[in-house]
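The values are calculated or read from the model by the stated rules, or taken from the named source; none is laboratory data. Here the structure is a predicted model, which is why all the values come from computation and not from measurement. Reconstructed Cβ throughout: ideal geometry from the backbone, glycine too, with neighbour counts over all protein chains shown.
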Amino acid sequence: MEEPLSIDETAAAVLRRIVAARESIEQAKGAIMLAYGLDPTQAFAVLRTASQETNHKVRHVAADVVAVLPNLGTPRCSLESVRAHLDHVLYGVSDDSPTT
């Protein structure tokens, strides 16, 4: 049987999770700022809105944004392409969606 974690060990584990979530949120904000020309507050508002609309936590939306970033780092990837990928991740919008 495993020994329960001490209060210090538990606090350290929680702190590691918080830092990891914060890192992905900051990375996602940076990508959104670059792609859409927003400031940090506006970029976080985009994450928050996507979170509310998809019923996912902000940290999960941010992780999804960060997960697509390596695929966007090719020389042929235009800013429009980056925006289209982020639109898809954030809002489920794609280029071939019908407009209303």
Residue count for the stretch 38-61, restricted to those that are out of contact with any Leu (no Cβ under 6 Å at 6 or more places or on another chain) and part of a helix (DSSP H, G or I): 16
Test: residue in the stretch 3-15 that is surrounded by 15 or more Cβ atoms within 10 Å (Cβ to Cβ) and either in contact with a helix residue (DSSP H, G or I) (Cβ under 6 Å, 6 or more places away or on another chain) or not charged (D, E, K, R) (or both): no
Filter pass, Glu2 being free of Cβ contacts under 8 Å to residues at least 12 places away in the same chain, in a helix (DSSP H, G or I) and farther than 18 Å from His60 by Cα: no
Verdict on Gly30 being surrounded by 12 or more Cβ atoms within 10 Å (Cβ to Cβ) and at pLDDT 85 or above: yes
Tabulated pairs, the stretch 40-63, first without any contact (Cβ under 8 Å) to a residue 40 or more places away in the chain, second assigned to a loop (DSSP other than H, G, I, E, B), C-beta under 7 angstrom, 6+ apart or interchain: Ser51/Lys57
Test: residue in the stretch 24-33 that is in a helix (DSSP H, G or I), closer than 21 Å to His88 by Cα, acidic (Asp, Glu) and within 14 Å of the chain's Cα centre (by Cα): yes
Residue check, Thr74 surrounded by fewer than 12 Cβ atoms within 10 Å (Cβ to Cβ), of a type in the set (Val, Ile, Thr) and not in a helix (DSSP H, G or I): yes
